[in-house]
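The values are calculated or read from the model by the stated rules, or taken from the named source; none is laboratory data. A quick note: this is a predicted structure, and the numbers were derived from the prediction, not measured. Here the Cβ positions follow ideal geometry from the backbone for every residue, glycine too, while neighbour counts run over all protein chains shown.
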């Protein structure tokens, strides 16, 4: 499975020495639940099998290795994530783990555009600062429908 390698790699849950701490961007609901999550070197929620929060982990963590730019409505990805070649190769297969991940992420982003747009802006700003982002092929969100 594609994301099982994450527990081994752990790149997204660590901050390299010499780099500033990473304040994980949280949605309004996550802020109430967690208060804040700051990764100084290693995330305190990182266990031997990966994230100890499981399905309760923050959306910004679930989004990784992707980043979403709410202004352009495009996805990009962290160029240093070793999963990305496989992820991109899987995208043409609608039943693949990568396609299912992107679909789930897209559905949540569409909700956040209405319920928590500042979260999307803040998360992308942090992603730009921390990661070297590359455009994800064929990744534009559909145009917002008129209300």
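Answer yes if at least one residue in the stretch 4-12 is at pLDDT 85 or above, surrounded by fewer than 19 Cβ atoms within 10 Å (Cβ to Cβ) and out of contact with any helix residue (DSSP H, G or I) (no Cβ under 7 Å at 6 or more places or on another chain), and no otherwise.
Scanning the stretch 4-12, I find no residue that is at pLDDT 85 or above, surrounded by fewer than 19 Cβ atoms within 10 Å (Cβ to Cβ) and out of contact with any helix residue (DSSP H, G or I) (no Cβ under 7 Å at 6 or more places or on another chain), so the answer is no.
If residue 110 satisfies every condition in (1) under 17 Å from residue 34 (Cβ atoms); (2) surrounded by fewer than 16 Cβ atoms within 10 Å (Cβ to Cβ); (3) touching a residue at least 12 places away in the same chain (Cβ under 8 Å) but one, which is the exception?
For residue 110, the exception is condition (1).
Can you find a residue that is touching a residue at least 60 places away in the same chain (Cβ under 8 Å), within 22 Å of residue 133 (Cβ to Cβ) and surrounded by 11 or more Cβ atoms within 10 Å (Cβ to Cβ) anywhere in the stretch 38-47?
Applying the first criterion (touching a residue at least 60 places away in the same chain (Cβ under 8 Å)) to the stretch 38-47 yields none.
So far as the stretch 38-47 goes, no, none of its residues is touching a residue at least 60 places away in the same chain (Cβ under 8 Å), within 22 Å of residue 133 (Cβ to Cβ) and surrounded by 11 or more Cβ atoms within 10 Å (Cβ to Cβ).
Is there a residue in the stretch 123-143 that is loosely packed, with under 12 Cβ neighbours inside 10 Å, in contact (Cβ under 8 Å) with a residue 12 or more places away in the chain, under 20 Å from residue 13 (Cα atoms) and more than 13 Å from the chain's Cα centre (by Cα)?
Yes.
Among the strands (runs of 3 or more DSSP E) contained in the stretch 36-147, which hold 3 or more residues that are over 15 Å from residue 25 (Cα atoms) and out of contact with any helix residue (DSSP H, G or I) (no Cβ under 7 Å at 6 or more places or on another chain)?
Details: elements: 66-69, 74-78, 133-135.
Output list reads 74-78.
Quick check: is even one residue across the stretch 58-79 exposed (fewer than 14 other Cβ atoms within 10 Å of the Cβ) and either closer than 20 Å to residue 19 by Cβ or within 13 Å of the chain's Cα centre (by Cα) (or both)?
Yes, the stretch 58-79 has at least one match.
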